[in-house]
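Heads up, the thing below is written out as structure tokens.
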Amino acid sequence: MIREAKSSVYPSSLSAHNRYDGPDVVEQLFTDHHGKCYLCELKAKQHFEVEHFKSKENFPELKYEWTNLLLSDGYCNGKKSKSFDNILNPNIHNIEDIIEQRIDSINRKALFKTSNTSIEAQKTVELLNRLYNGTHAPKLRTKREDKFYKEVERVINAFNIILFNYRFNINPQTEKAVRDELAIDKELLGFKYWIIKDNPDLYAVFADDIIWNKAV
């Protein structure tokens with residue numbers, strides 16, 4: 001989970017207050033989020049939903065508010081539901097700096113850590129654990145939760161192979177391959193950021209490639 005850059009132009013369909021997921025809303029969200037779910041950072045693809053950052057159940061007055069609408073997938077939206085209205089706002093906070101995001105490949109578990117003691121930061125960590133590690137311990141993931149995690153593993157393993165090739169043979173081509181995987185439209189940038197940050201040699205080369213939307 002990282003900071004997002006949201007367009008300041010309100011989709012015109014929202015002014016009618018008839019629906020919050022009109023074609024212009026969906027199109028703009030896909031552009032703003034580069035086709036990724038803002039929570040898990042995987043491509044939303046077919047199972048996307050227009051998600052209310054502050055749930056419409058608890059905040060009906062924000063149902064058609066553009067700044068409250070984000071792109072999510074069905075899996076993450078279902079996990080978040082109306083129980084996590086007080087998480088860090090990706091339109092405001094540099095979440096990739098506030099929360100350390102790592103993958104423990106041996107134990108098949110995502111690790112989230114923060115020194116921020118605010119309710120928002122703590123609830124965000126709780127939600128991310130629920131998304132990536134399942135309702136129960138990792139070995140007791142449901143089939144859907146395990147399918148989701150296998151996709152996370154696939155993306156991270158592919159990135160680690162690219163890093164291995166770069167370390168084994170540093171040249172303009174292998175360096176470009178790493179930079180390409182750190183582009184804003186790529187998946188799981190929060191985890192990739194911490195892979196780079198945890199390795200001083202990699203950070204020295206790619207520090208300028210992991211600022212994403214902060215400069216927008």
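Of all residues in the range 113-146, exactly one satisfies the criterion of being under 18 Å from Lys80 (Cβ atoms), surrounded by fewer than 16 Cβ atoms within 10 Å (Cβ to Cβ) and among the basic types (Lys, Arg), namely Arg144.
If the condition is being open to solvent by less than 20 Å² (accessible area, probe 1.4 Å) and without any contact (Cβ under 8 Å) to a residue 60 or more places away in the chain, then the range 1-21 contributes Pro11, Leu14.
Checked against (1) assigned to a loop (DSSP other than H, G, I, E, B); (2) out of contact with any Phe, Trp or Tyr (no Cβ under 6 Å at 6 or more places or on another chain); (3) within 23 Å of Leu189 (Cβ to Cβ), Pro90 passes all but a single condition, namely (2). When Asp24 is tested against the conditions (1) in contact (Cβ under 8 Å) with a residue 24 or more places away in the chain; (2) surrounded by fewer than 17 Cβ atoms within 10 Å (Cβ to Cβ), the lone failure is (1).
In the set (1) of a type outside the set (A, V, I, L, M); (2) open to solvent by less than 60 Å² (accessible area, probe 1.4 Å); (3) out of contact with any strand residue (DSSP E or B) (no Cβ under 8 Å at 6 or more places or on another chain); (4) not in a helix (DSSP H, G or I), Asn58 fails one condition alone, (2). Ser55 satisfies every condition listed in (1) of a type in the set (Ser, Thr, Tyr); (2) in contact (Cβ under 8 Å) with a residue 24 or more places away in the chain; (3) out of contact with any Lys or Arg (no Cβ under 7 Å at 6 or more places or on another chain) except (3). The number of residues in the range 164-197 being of a type in the set (Lys, Arg), within 18 Å of the chain's Cα centre (by Cα) and open to solvent by 30 Å² or more (accessible area, probe 1.4 Å) comes to 2. Would you check if Asn116 is assigned to a loop (DSSP other than H, G, I, E, B) and farther than 20 Å from Asp209 by Cβ? The answer is yes for Asn116. The set of residues in the range 71-81 being touching a residue at least 12 places away in the same chain (Cβ under 8 Å) and out of contact with any Lys or Arg (no Cβ under 8 Å at 6 or more places or on another chain) consists of Gly74, Cys76, Asn77, Lys80, Ser81.
Of all residues in the range 67-94, exactly one satisfies the criterion of being hydroxyl-bearing (Ser, Thr, Tyr), at pLDDT 95 or above and open to solvent by 10 Å² or more (accessible area, probe 1.4 Å), namely Thr67. For Ile210, the conditions (1) surrounded by 11 or more Cβ atoms within 10 Å (Cβ to Cβ); (2) modelled with pLDDT of 95 or more are fulfilled apart from (2). Does Lys186 count as of a type in the set (D, E, K, R), over 21 Å from Leu29 (Cα atoms) and modelled with pLDDT of 95 or more? When the stated conditions are applied, Lys186 does not pass them.
The values are calculated or read from the model by the stated rules, or taken from the named source; none is laboratory data. These numbers come from a predicted model, not from an experiment. Reconstructed Cβ throughout: ideal geometry from the backbone, glycine too, with neighbour counts over all protein chains shown. Areas reflect the complete protein model, heavy atoms only, side chains present, ligands, DNA and RNA absent. Shrake-Rupley method; radii C 1.70, N 1.55, O 1.52, S 1.80 Å.
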